[in-house]
Structures are given as structure tokens and as C-alpha cells.
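Only one structure is covered here, and it is reproduced in the block below.
The values are calculated or read from the model by the stated rules, or taken from the named source; none is laboratory data. Just so it is clear, the structure is predicted and the values come from calculations on it, not from any experiment. FYI the Cβ positions are ideal-geometry reconstructions off the backbone, even for glycines, and counts take in every protein chain you see. Heavy atoms of the whole protein, side chains included, go into the accessibility calculation; ligands, DNA and RNA do not. Shrake-Rupley method; radii C 1.70, N 1.55, O 1.52, S 1.80 Å.
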Amino acid sequence: MTTGVRRRMGVEERRQQLIGVALELFSRRSPDEVSIDEIASAAGISRPLVYHYFPGKLSLYEAALKRASDDLASRFTEPHEGPLGSRLLRVMRRFFDFVDEHGPGFSALMRGGPAVGSSTTNALIDSVRQAAYDQILAHLGIEDPPARLELVIRSWISLVESTALLWLDGRRVPRAELEVQLVHDFGALVAVSAAQDEELGALMRRVFKDEPGDGGPFGTLVTRLVSLAS
């Protein structure tokens, strides 16, 4: 027979619970629309107790965005096995899993949400972008990228970001098609730059030599581009 006595949480355990509750609410509504009272109620504690663990609303929002940014950055981690196009497609699927499940929270992270302009939030956003950049370089097997390649990768990451934000506003393009399109976008951006830079061209020939001629994302892209020119 249980006594119904509730176990008292430690400080860090309670902090993590509040962050989790906040993220769950942010997955359904913009953080701007979620009050501390709602978070306290969902966590089963009083509003003053929330402020015992977090000095203000901004600090709780920043802590929740930190957890979200760590999760999002981890979506770019992928084993270095198989064709690059297939790897990038798996990354895009995991990325859009996050976007799909945490739409308002994703928008808040990328746009700053109620913490917009804070140095902490800006640093979180930059950390996600840098993690994505580092992972792409690792997949390409390149430590010191040519200037054009750095521009391509960072431009593509911005494209993925902005595409996801636009997609959330109505979801007018099927998600699976968009994931493939973004992988195609990467291949196209690299191809255009490689055509103007011999060093980059040599690097990309090495990277893409194991790509399947058909069936893979990059092979499909080439086939479709050729059909447009015929």
C-alpha cells in the first residue's frame, strides 16, 4: 500500500524537470505565449518556487533553449559510412524530426524567442551552426577547407535553417520531398563552386567518386538536371 507521499526532488533534478516542462510547452506554443504560471502548474509547484530555481523568466527560457540547441546539434552527427548523399539525407530526416516535433521551440531558438538579442541565445544559435559546419567538414574528410567550400557549407546551413522556418508556416511542401531537395541543394551549390575552383573541383571529385550513379540523392540530381537540358 502506497502512502501517497511525494518524493522531494533535489535542486538539479527540479531544475531539469522545469526545463523539460518548459520545452514540452514550447513544442506546442511559442515561448512568448507560455507564462511562468503555466510552467509552474505543469510541474506541480508554485510560481515562487520556479523563481527559487531560476532567477527570472529569461534564465529559464535560456536554459530550455540550451537543451534544445544541444539536441538539435546532435542531429547532425552521422556515421561516416556509405555515400555522402545518403548520409546527408539521414541528417535532414533527423533535423526535420526535431523541427516537426518542436516547431514553436525551433522558431524560438532560431529567431531568439523571448530571449532575442541576449548574448546567451546568440551563442546557442551559433553553436548549432558551428556543430553542423564541423560535421559536414568531417564527412567530407577535410580539415582546412578552401574559402569557396566554407562559403558553400555555411550558406547551405543557412538555407536549411530558413527553409525549415518557412516550411513551418503552412507546411505546403511535403516534408520528405523537402529533405531530398535540400540534399540536392548542397550538391548543386558545391558543383557550381567546384566549376570555378580547380582545388575544390579535385576535392569534390574525390568525395563524390563513390556516389551511386542512380538511386542515391546526388545521382538523382544529375539525372534530373540532364533531363532538363535535353
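Structural remarks
- Of the solvent-accessible surface of the chain, computed with a 1.4 Å probe and all protein chains present, 54% belongs to carbon and sulfur.
- Computed log₁₀ I(q)/I(0) - Debye formula, equal Cα scatterers, no solvent, the range 81-212, q 0.10, 0.13, 0.17, 0.22 Å⁻¹: -0.35, -0.59, -0.96, -1.37
- The range 95-215, relative contact order in percent, only Cα pairs under 8 angstrom and at least six apart counted: 25
- Helix axis angle, 11-26 relative to the chain longest principal axis, alpha carbon, degrees: 60
- Quick note on the range 9-141: its Rg to Rh ratio, both from C-alpha atoms and Rh being the Kirkwood radius, is 1.05.
- Structure-derived Rg and Dmax of the Cα atoms in Å - corresponding label in (1) 16.3, 55; (2) 19.9, 61; (3) 21.4, 77: (3)
- FRET efficiency, A188 to E101 (Cβ-Cβ, R0 25 Å, nearest 0.05): 0.30
- Computed over the alpha-carbon atoms, the range 72-114 gives an Rg to Rh ratio of 1.10, Rh here being the Kirkwood radius from the mean inverse distance.
- Accessible surface computed residue by residue for the range 42-158, with neighbouring protein chains in place and a 1.4 Å probe, gives 44 Å² per residue.
- Remark: spin-label model distance E199-Q16 equals 4.6 nm, labels positioned 7 Å along the Cα→Cβ axis.
- The Cα center of the range 122-190 and the Cα center of the range 42-108 differ in position by 17 Å.
- Taking every C-alpha pair closer than 8 Å and separated by at least 6 residues, the mean separation divided by the residue count of the chain gives a relative contact order of 20 percent.
- The angle separating the long axis of helix 198-208 from the principal Cα axis of greatest extent in the chain is about 70 degrees.
- Degrees, to the nearest 10: 84-101 long Cα axis against longest axis of the chain: 30
- Sparsely packed GluC sites (Glu not before Pro) within the range 116-216, loop by DSSP, other Cβ within 10 Å at most 10: E143
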